[in-house]
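These notes are about the structure you will find just below.
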Amino acid sequence: MRSQQHRIVSHVVRQHVEQAAFFWAQRDTLLEDDPPDLDVVAGVDKRLEANLDGLRIAGPSAWPFIVAAYEDFPEKGELFLFGWMAIELNDSRRIAEVVELGRHSEDDACGLVGALAWHQPAIIAPLVRDWVGTPDAFKRYLGVSACNEHLVDAKQMLGRLVRDPDARVRATSLRLAGKLERADLVNELVASLKDADEHVRFWAAWALNEFGSGDLASPELRKVAVGGGPDALTALRAAVRAAPDKDVRAWMGGLLRSPETAPLAVRGAGMLGDRTILHWLVHQMRQPALAAAAGAAFRELFPEARKDDTLFSVEPDVLGDAFAQYFDDVPPSLPVANRVKDWAKDVGQ
């Protein structure tokens, strides 16, 4: 153990546990925003770390509260905290326990992977070395996920992992290979474009695009982007980079002609880096079916607009009758076209 038992104030420790789990879950959700506000995430990180400091002081005495929190609410934030504390205290029994909790989670052990990411590489290195070579597929997944979070090159082992029998391990390993630009693995990546698993095919295409092989990657990336699954936005961003600007614009023009794919084209327009499309985006903001995509594109192109919290609204009276009807009176936060238009004039756009 790295920490000794301490006398604690129970309600204070319980509060640290609840808030640490909440803040990590909040940051993870915020990072899924389109696009994420990294300044807000940084503020949450500070609050999270302050609560983790409180648990470092409490040491093993915090365990009853951590276990109770997970039993009451076995979600990603509580799994993060369980994993983080087990690693922080180098508690092998608790580490084994949280691995089993993660094994049975329904979100690819998101919280446990987050705990591995939060710790420094040197702290988790012994675990990762054991896990990447184990016969246990779930532990191999955790090991390569930790490498992926910390951009650690698994060297020769990565060549085996991209061909792993487990699809989740293969997909994560291909993603790591792309991040590291492991060009020596290009043949494995090309072969993985024909994998039976869709996530493996996607990350193989994504990785090839990182190598500059957009010609090979584009068909799969565009297929995933149009498919609308959990990787669609990542695929769209990669597809925008995978082909010449002229080809990408032509593809998006085709997407615009269909109501089903038009939002994808509007969102992709914001990824081109062309701020001259602002007035076109304002026009799209007036259409309920395209407003969310237009708002996300606007925020990506003009991050400074986040400072003006009047530009987006959830109020049907502000957005208009068409939005109230389209969203059944409960619209999400959407851009207010006229306000965005006025903002553009004020800032000289």
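Just name the residue that is farthest from residue 153 (Cα to Cα) out of those in the stretch 167-214 that are in a loop (DSSP other than H, G, I, E, B) and of a type in the set (Gly, Ala, Ser).
196
Name the one entry in 233, 255 that is part of a helix (DSSP H, G or I) and touching a residue at least 60 places away in the same chain (Cβ under 8 Å).
One residue alone meets the criteria, 233.
Return the residue satisfying two criteria in turn: it lies in the stretch 163-213 and is of a type in the set (S, T, N, Q) and surrounded by fewer than 20 Cβ atoms within 10 Å (Cβ to Cβ), and of such residues it is nearest to residue 145 (Cα to Cα). If you could, list the steps in order and put the result at the bottom.
As a first pass, look at the stretch 163-213 and keep what is of a type in the set (S, T, N, Q): 172-173, 187, 192, 209, 213.
Of the ones still in play, those that are also surrounded by fewer than 20 Cβ atoms within 10 Å (Cβ to Cβ) are 187, 213.
Details: 187: 22, 213: 24 Å.
So, considering only residues that are of a type in the set (S, T, N, Q) and surrounded by fewer than 20 Cβ atoms within 10 Å (Cβ to Cβ), the one nearest to residue 145 (Cα to Cα) is 187.
With the condition kept exactly as written, say whether any residue in the stretch 330-345 is under 24 Å from the mean Cα position of the chain (by Cα), within 30 Å of residue 216 (Cβ to Cβ) and free of Cβ contacts under 8 Å to residues at least 60 places away in the same chain.
no
Quick check on this structure: which one of 239, 344, 265 is more than 30 Å from residue 215 (Cβ to Cβ), outside any loop (DSSP other than H, G, I, E, B), open to solvent by less than 30 Å² (accessible area, probe 1.4 Å) and of a type in the set (A, V, I, L, M)? Don't jump to the end; show me each part of the working.
Working: 239 fails: more than 30 Å from residue 215 (Cβ to Cβ); 265 fails: more than 30 Å from residue 215 (Cβ to Cβ).
Sole residue among the options that is more than 30 Å from residue 215 (Cβ to Cβ), outside any loop (DSSP other than H, G, I, E, B), open to solvent by less than 30 Å² (accessible area, probe 1.4 Å) and of a type in the set (A, V, I, L, M): 344.
Restricting to the stretch 134-149, and then to whatever is in contact with a helix residue (DSSP H, G or I) (Cβ under 7 Å, 6 or more places away or on another chain) and not hydrophobic (A, V, I, L, M, F, W, C), can you tell me which residue is nearest to residue 99 (Cα to Cα)?
139
Looking at this structure, is residue 210 over 23 Å from residue 295 (Cβ atoms), without any contact (Cβ under 8 Å) to a residue 40 or more places away in the chain and not hydroxyl-bearing (Ser, Thr, Tyr)?
On the way: over 23 Å from residue 295 (Cβ atoms): yes; without any contact (Cβ under 8 Å) to a residue 40 or more places away in the chain: yes; not hydroxyl-bearing (Ser, Thr, Tyr): yes.
The answer is yes for residue 210.
Condition check ((1) in contact with a Lys or Arg (Cβ under 6 Å, 6 or more places away or on another chain); (2) farther than 30 Å from residue 298 by Cβ; (3) open to solvent by 60 Å² or more (accessible area, probe 1.4 Å)) across all residues:
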| position | (1), (2), (3) |
| --- | --- |
| 20 | no, yes, no |
| 36 | no, no, no |
| 49 | no, yes, no |
| 52 | no, yes, no |
| 57 | no, yes, yes |
| 66 | no, yes, no |
| 72 | no, yes, yes |
| 76 | no, no, no |
| 85 | no, yes, no |
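Quick one: in the stretch 88-130, which of the residues that are open to solvent by 10 Å² or more (accessible area, probe 1.4 Å) and β-branched (Val, Ile, Thr) is farthest from residue 18 (Cα to Cα)?
The residue in question is 128.
Does the stretch 121-139 include one or more residues that are within 19 Å of the chain's Cα centre (by Cα), closer than 29 Å to residue 189 by Cβ and of a type outside the set (Asp, Glu)? Spell out the reasoning first.
Our first condition is that a residue be within 19 Å of the chain's Cα centre (by Cα); within the stretch 121-139, this holds for none.
Looking through the stretch 121-139, none of the residues is within 19 Å of the chain's Cα centre (by Cα), closer than 29 Å to residue 189 by Cβ and of a type outside the set (Asp, Glu).
Restricting attention to the stretch 295-333, which residues are of a type in the set (D, E, K, R) and crowded, with 16+ Cβ neighbours inside 10 Å? Reasoning before the result, please.
Initially, the stretch 295-333 is screened for residues of a type in the set (D, E, K, R), giving 299-300, 304, 306-309, 315, 317, 321, 328-329.
If the condition is that a residue be of a type in the set (D, E, K, R) and crowded, with 16+ Cβ neighbours inside 10 Å, then 299, 300 are the ones that fit.
Kindly indicate the residue of the stretch 134-157 that is more than 18 Å from residue 202 (Cβ to Cβ), surrounded by 16 or more Cβ atoms within 10 Å (Cβ to Cβ) and among the hydrophobic types (A, V, I, L, M, F, W, C) and also modelled with the lowest pLDDT among those meeting that condition.
Checked the stretch 134-157; the qualifying residue modelled with the lowest pLDDT is 154.
The values are calculated or read from the model by the stated rules, or taken from the named source; none is laboratory data. In this text the structure is predicted, and so the values were computed from the model without any measurement. FYI the Cβ positions are ideal-geometry reconstructions off the backbone, even for glycines, and counts take in every protein chain you see. Just the protein is used for accessible areas: all its heavy atoms, side chains included, with ligands, DNA and RNA removed. Shrake-Rupley method; radii C 1.70, N 1.55, O 1.52, S 1.80 Å.
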